[in-house]
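Data block below; observations after.
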Amino acid sequence: DTGVSQDPRHKITKRGQNVTFRCDPISEHNRLYWYRQTLGQGPEFLTYFQNEAQLEKSRLLSDRFSAERPKGSFSTLEIQRTEQGDSAMYLCASSSPGRLFEEQFFGPGTRLTVL
Amino acid sequence: QKEVEQNSGPLSVPEGAIASLNCTYSDRVSQSFFWYRQYSGKSPELIMSIYSNGDKEDGRFTAQLNKASQYVSLLIRDSQPSDSATYLCAGSMRFGAGTRLTVKP
């Protein structure tokens, strides 16, 4: 399967714990995006990378959230000191270089539950 | 005003009918737009992209873009029960809240 993969698919944690999610994009895609989605809402933009550079970060993203893409391949999203309001589906997407760079392909998501 | 807004629905149409989904956007959003389909419990799947004013057709789907009115739409012809899903409009990495479509047999 050459699609976007995410790990883990589900994560249950206690409030105050740190969690880290991983995303592996489609191999030739140089852009990688992170979104958060809650029930009944569309995906909310968090951040995106072009290769290893983080080009944009949502103003809504608190300093408890950090993302990296150290070698321009896979990416990690870390949430520190989780809160119940962080419970959501975290989606990763990737897109190819060139004219179609905005056509994004999504992974299956990581569902986070904070108790 | 949200950057991308959709008529939240839900929308229900009989099988074989045309489903019409609408979206408006603010000046802060780019001029390229995308429609994604999201089945319950699944991640969004790209179904249409449109970059220029006018219509773009792909099978039973037609996307329409009107830049002067900042309006994007998606028409689904000959709707099938398998089209029942939430449809998300997006531009510049900003998504609308989605419109839930149900196609009744």
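The values are calculated or read from the model by the stated rules, or taken from the named source; none is laboratory data. Please read these numbers as outputs of a predicted model, since none were measured by experiment. Ideal geometry is used to build each Cβ from the backbone, glycine not excepted, and the neighbour counts take in all protein chains shown. To get the accessible areas, we keep the full protein, side chains included, count just its heavy atoms, and leave off ligands, DNA and RNA. Shrake-Rupley method; radii C 1.70, N 1.55, O 1.52, S 1.80 Å.
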(Q) Here's a check for you: in region A:1-51, which residue that is within 22 Å of A:Asp63 (Cα to Cα) and of a type in the set (Lys, Arg) is least open to solvent (accessible area, probe 1.4 Å)? (A) A:Arg36
Q.
Being within 12 Å of chain A (Cβ to nearest Cβ), over 12 Å from the mean Cα position of the chain (by Cα), β-branched (Val, Ile, Thr) and crowded, with 17+ Cβ neighbours inside 10 Å: is that true of B:Val103 here?
A. no
Q: May I ask you to verify whether B:Tyr36 is in contact (Cβ under 8 Å) with a residue 60 or more places away in the chain and among the aromatic types (Phe, Trp, Tyr)?
A: no
Q: Could you tell me which residue of region A:31-65 is modelled with the lowest pLDDT, considering only residues that are in a strand (DSSP E or B) and within 9 Å of another protein chain (Cβ to nearest Cβ)?
A: A:Glu56
Q. Out of all the residues in region A:75-92, which are open to solvent by 50 Å² or more (accessible area, probe 1.4 Å) and either farther than 24 Å from B:Ser40 by Cβ or among the hydrophobic types (A, V, I, L, M, F, W, C) (or both)?
A. A:Glu78, A:Gln80, A:Arg81, A:Glu83
Q. In this structure, is B:Ile47 of a type in the set (Val, Ile, Thr), touching a Leu at 6+ places or on another chain (Cβ under 9 Å) and more than 29 Å from A:Arg111 (Cα to Cα)?
A. no
Q | Tally, over region A:93-113, of residues that are more than 9 Å from chain B (Cβ to nearest Cβ) and open to solvent by less than 10 Å² (accessible area, probe 1.4 Å) | A | 4
Q. Considering only region B:3-24, how many residues are under 23 Å from A:Cys92 (Cα atoms) and touching a Lys or Arg at 6+ places or on another chain (Cβ under 8 Å)?
A. 2
Q. Within the set of pairs 6+ apart or on separate chains, which have a first residue in region B:84-100 that is within 7 Å of chain A (Cβ to nearest Cβ) and free of Cβ contacts under 8 Å to residues at least 60 places away in the same chain, a second that is in a strand (DSSP E or B) and open to solvent by less than 30 Å² (accessible area, probe 1.4 Å), and C-beta atoms under 7 Å apart?
A. B:Met93/A:Tyr33; B:Met93/A:Phe45; B:Met93/A:Tyr48
